[in-house]
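J.: Let me give you the structure first, and then I'll get to my questions.
No value in this document is a laboratory result; all are computed from the given coordinates. Predicted, not measured: the structure shown is a model, and the values here were computed from it. Positions of Cβ are backbone-derived with ideal geometry, glycine not excepted, and every protein chain shown enters the neighbour counts.
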Amino acid sequence: MIFSNEENSASRFFILSAVFWLVIGMTMGLTGAIEFTAPDMSSGIPQITFSRLRPTHINTVAFGWLSMANIGIALYIIPTLTRSKLFSDKFANFICVVWNLAILGGILCLTNGYTEGREYAELPVPIDVGVLICLLSLSFVVYMTAVNRTVKKLYVSLWYILGAFFWMPIVYFIGNRTFIRLDGLNDGIVNWFYGHNILGMWFTTLGVGIAYYMIPKLTGRPLWSHSLSMLGFWTIAFFYAPTGTHHILQSPVPEWLKALAVVFSVALVIPVITVLTNFFMTMKGNWWQLANNLPLRFVLTGAFFYLVTCLQGPFQATRSINWYLHFTQWVPGHAHAALLGAFTFFNFGAIYYIFPRVTGKQMYSVSLARMHYWFTLIGFFIFYTAFTIAGLVQSAGWHAGVPVSTWVVELQPYWIIRALGGGMMWFGNVLFFVNIFQTNRGVKPLDSPDVEPAMVPVPKN
Amino acid sequence: MNKNYILPALVILTSFSLIIFSTVLLPNFIFKPSPSEFAVKYSPLEASGRKIYIREGCVNCHSQFVRPQDRDFGVHVQAGDYVYETPNLLGTIRTGPDLSNEGGKHPDAWHIAHFKNPRTTTPGSIMPPFSYLKDDEMKALVAYVQSLGKKRLVKYKRIYHPDELEKLLEKRNVNTNGSAEANAGRGIFQQNCATCHGTHGLGNGPNAIQIAKKPANFSRPFFKDYDDVTWYWRVSEGVPGTRMPQWGRLLTSKQIWYLVAYLKTLPRENEVYPKEYETLDPEKWVQQYKISADELNSQKPAMIIETKGPPPSTEGGH
């Protein structure tokens, strides 16, 4: 499998690795959440101390799960939309091996204290080089596939995916350039350019690209408006990049940079509204399909969380709201709504649709998939609500001048509830892991009757 | 390559490079703050402590910048404070307190006990224990934490009794009876005190609801007995056991004198100003109330009127 040149083998390898890292990353997140309520749990073991676990969790779910799943899905979508073979499955498989080694190395480095100390860019230099080489090689594979296409017109998903593969190596390089030493605040500005654009130029563009592919495909209806989708693409390309400074809005960085960040953050409402209008108008008259179409249900749940998170984003980037909400648990809640609620749900839906197709095998169990949906959804609601309310309590504490040791006690119930929600999601995703790996093994016979129509593997032609 | 895609490709390239130029390169060309007096140039021990701070991921819970709205956190940071801070440790979340002014707040032994098990020094804390740090690492980390903020808050020396302020009185360069000074003090009061003490100093600010020991109402008669030094001492030292902070750590001595000038003008409760107050001739007042001109000049009229005017009304303030 590792060095095979079989069609879709790279996509399959990427998705399998992603699901594996998802379970590892969520286990870390859950451990961290429990440590909030039982802080002495990590006693004496540096590797599981919360402060080391948090960056490891972020890097594992961001680069291990979400990036690899996005790439795996993109490697299936691109050949389908261009009606051509992937430029080289063998090369992509090789990249996947390197990427997995980079994630493994990254986890080992971060838990053992080898870190660069910049948020979202913690991975040490050798791992950065590995990831950058992987990204550049993948861009090469993706662009060569697009150049060799047999369909003339580019569907909007391809615009998004090609855009992401163009931007991400640049953004990653800027964020992790350690050989150029910048003074404190300049370092912070560049750090947050990277920290925010890895979301905007990579996760958002790929996630929205995937959803643009999945919704028409799963409903069997054409996209509502192509010109609107192009408007969304170009506005996201223009508006996303300068917004990073809103993470350090009240630090002493130049005012014009903050103003730029706020204005562009608010302008991000435009791409969000266009994208979601397009999704929901495509769904018009097709909502009944949610009843018996599990992948579609995942993708649309993701779309609703995308709406929530993207309305929160511009609102909390304005100075007066940021004044109150910054530094609190509200913000990690928002980050989870984007990466877990929206893009992870897009990917779940896409994987349930794509995985039987790339392996040519029957999905192991539809009921496990349904349990996965409900555990993750309900767990996420509990988790997100706890985060949000804890954030409001915390900011009230800051602004009344109550000392930290006082309001920390008030937050205990929210942290317990958050860990419970996280535990539900963790359980749901262990089921997902079992389901995907059993599917890969081909446990269920191809002619078995109990399967959702959207998950039937299409015989290869 | 198909010619249809040359134009969009060019647009992508130009727009993206323009944005990168304006948000990544331009700030580095035009934003070069010079080191401020609080920029810490780390000693080798402190620098190795900073590496441990980074290694242990302290930045994931502790920020290092004081925002304008953070009261009681100390002096606001300036751009120049961060010149030697690479990589930046600004932080984006405060699960624990801000550490910009941590240096000198606690003795070294406190920090070591706190790192080994935070619950021994701070009950209810959820900070993980760092008991696995070796002794030399611990020493370096404590040295780094003590260097934060260059002890800007601890330069302040505590005054234990108002009598100690007599020396301060000699150096005073603010006329605490002047109306311009009182006006300057009013601004400082509205910015720092009004949230608890209320805009009229009646102890009914918005935060007063949440405070168990209620903030002082300055219209109470005994406040009228305070002399300048007592006022200064109260403001500068705070009130132990209440939420009244030690403003001497946060405000300059000149600012506190302005504040004293304003606090002295606050009216006594149930006191009513005669309507003709503005137009009164001081000469007539001297005759009417039998006080000397010197005494009149040394005090605000509000303090000598007492309640000789019309019957008391329930309204406070001016």
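J.: Helix A:50-59 versus the longest principal axis of chain A: what angle, 0 to 90°, nearest 10, using Cα atoms?
T.: The two axes meet at around 30 degrees.
J.: For region A:286-461, what log10 I(q)/I(0) values come out of the Debye formula at q = 0.10, 0.11, 0.15, 0.20 1/Å, with one point per alpha carbon and no solvent?
T.: So the normalised log intensities are -0.49, -0.57, -0.86, -1.24.
J.: Could you give me the percent of Cα pairs per 5 Å distance bin for region A:177-217, shortest bin first, beginning at zero and ending with the bin that holds the maximum distance?
T.: Taking every Cα pair in region A:177-217, the percentages come to 6, 20, 17, 14, 13, 9, 8, 6, 4, 2.
J.: Now a separate question. What is the angle, in °, between the Cα long axis of helix A:269-283 and the longest principal axis of the Cα atoms in chain A? Nearest 10 is fine, range 0 to 90.
T.: Tilt relative to chain A: about 40 degrees.
J.: Any idea what log10 I(q)/I(0) is at q = 0.12, 0.18, 0.22 Å⁻¹ for region A:11-155, Debye with uniform C-alpha scatterers and no solvent?
T.: Values, matching the q order: -0.55, -0.97, -1.26.
J.: Under the definition of Cα pairs under 8 Å and six or more residues apart, what whole-number percent is the relative contact order of region A:377-461? Spell out each step's value before the answer.
T.: Details: 44 pairs, mean separation 32.0, N = 85.
Relative contact order, region A:377-461: 38 percent.
J.: Can I ask one more? Quickly rank A:150-160, A:341-351, B:208-218 as a protection proxy: mean count of other C-beta atoms within 10 Å, highest first.
T.: A:341-351, A:150-160, B:208-218
J.: Taking K and R as +1 and D and E as -1, what net charge do the other residues with C-beta under 11 Å from the C-beta of A:Gln438 add up to? Could you put the intermediate results ahead of the total?
T.: Details: positive: A:Lys361, A:Arg441, A:Lys444; negative: none.
With Lys, Arg at +1 and Asp, Glu at -1, the net is +3.
J.: Give me the extension gain from B:Lys213 to B:Asn4: residue separation times 0.36 nm, minus the current Cα-Cα distance, reported in nm with one decimal.
T.: Working: separation 209, 0.36 × 209 = 75.24 nm, distance 7.39 nm.
Fully extending the segment from B:Lys213 to B:Asn4 adds 67.9 nm.
J.: Relative contact order, percent, of chain A when contacts are C-alpha pairs under 8 Å separated by at least 6 residues?
T.: Reported as a whole number, the value is 17 percent.
J.: Can you give the local net charge around B:Ala79? Use residues other than it whose beta-carbon is closer than 12 angstrom to its beta-carbon, Lys and Arg +1, Asp and Glu -1.
T.: Once positives and negatives cancel, what remains is -3.
J.: Write down the radius of gyration of region B:162-265 and its Dmax, each obtained from C-alpha positions, in Å.
T.: 13.0, 39
J.: If you don't mind, there's one more thing I want to ask. Averaged over A:247-259, how many beta carbons belonging to a partner chain fall within 10 Å of each residue's beta carbon?
T.: 5
J.: Sort A:123-132, A:207-216, A:182-191 by the packing proxy (mean of other Cβ within 10 Å over each peptide's residues), most packed first.
T.: A:207-216, A:182-191, A:123-132
J.: Oh, and also: If you take the charge dipole of the protein assembly as shown about its Cα centre, with +1 on Lys and Arg Cβ and -1 on Asp and Glu Cβ, which of A:Gly220, A:Leu446, B:Leu202 is farthest toward its positive end?
T.: Checking the options against the dipole of the protein assembly as shown, the answer is A:Leu446.
J.: Here's another thing I want to ask about it. Estimate the FRET efficiency between A:Asp447 and A:Ser4 by the formula 1/(1 + (r/R0)^6), using the beta-carbon distance for r and 25 Å for R0, to the nearest 0.05.
T.: After rounding to 0.05, the efficiency reads 0.45.
J.: Counting Lys +1, Arg +1, Asp -1, Glu -1, what net charge surrounds B:Tyr53 among other residues with beta carbon under 12 Å of its beta carbon? Mind dumping the intermediate values first?
T.: Numbers: positive: B:Arg50, B:Lys51, B:Arg55; negative: B:Glu46, B:Glu56, B:Glu85, B:Glu102, B:Glu137.
Taking every other residue near B:Tyr53 into account, the sum is -2.
J.: Report the Rg/Rh value for region B:44-151, based on alpha-carbon coordinates and the Kirkwood definition of Rh. List each step's numbers first, then the result.
T.: Details: Rg = 13.3 Å, Rh = 14.2 Å.
My calculation of the ratio gives 0.93.
J.: Given N residues in chain A, what is Rg(Cα) / (2.2 N^0.38 Å)? Intermediate values should be presented prior to the final figure.
T.: Working: Rg = 21.4 Å, N = 461, 2.2 N^0.38 = 22.6 Å.
Computed over Cα atoms of chain A, the ratio equals 0.95.
J.: Per-residue mean of other chain beta-carbon atoms within 10 angstrom of the beta-carbon, peptide A:392-405? Display every interim value, and only then the final one.
T.: Numbers: counts 0, 0, 3, 1, 1, 0, 8, 5, 9, 11, 4, 4, 10, 9.
For this peptide, the per-residue mean of nearby foreign Cβ atoms is 5.
J.: What is the average number of partner chain Cβ atoms found within 10 Å of a Cβ in B:224-232? Walk me through the numbers before you get to the answer.
T.: Working: counts 0, 0, 0, 0, 0, 0, 0, 0, 0.
Averaged over the peptide's residues, the number is 0.
J.: Also, quick follow-up: Write down Rg/Rh for the protein assembly as shown, rounded to two decimals, with Rg from the C-alpha atoms and Rh from the Kirkwood relation over Cα pairs.
T.: Using Cα coordinates only, the ratio equals 1.07.
J.: From the cross-link list B:Lys105/B:Lys213; B:Lys150/B:Lys254; B:Lys41/B:Lys150; A:Lys90/A:Lys152; B:Lys105/B:Lys214; B:Lys167/B:Lys224, which pairs have alpha carbons spaced over 19 Å apart?
T.: In this structure, B:Lys105/B:Lys213; B:Lys150/B:Lys254; A:Lys90/A:Lys152; B:Lys105/B:Lys214; B:Lys167/B:Lys224 exceed 19 Å between Cα atoms.
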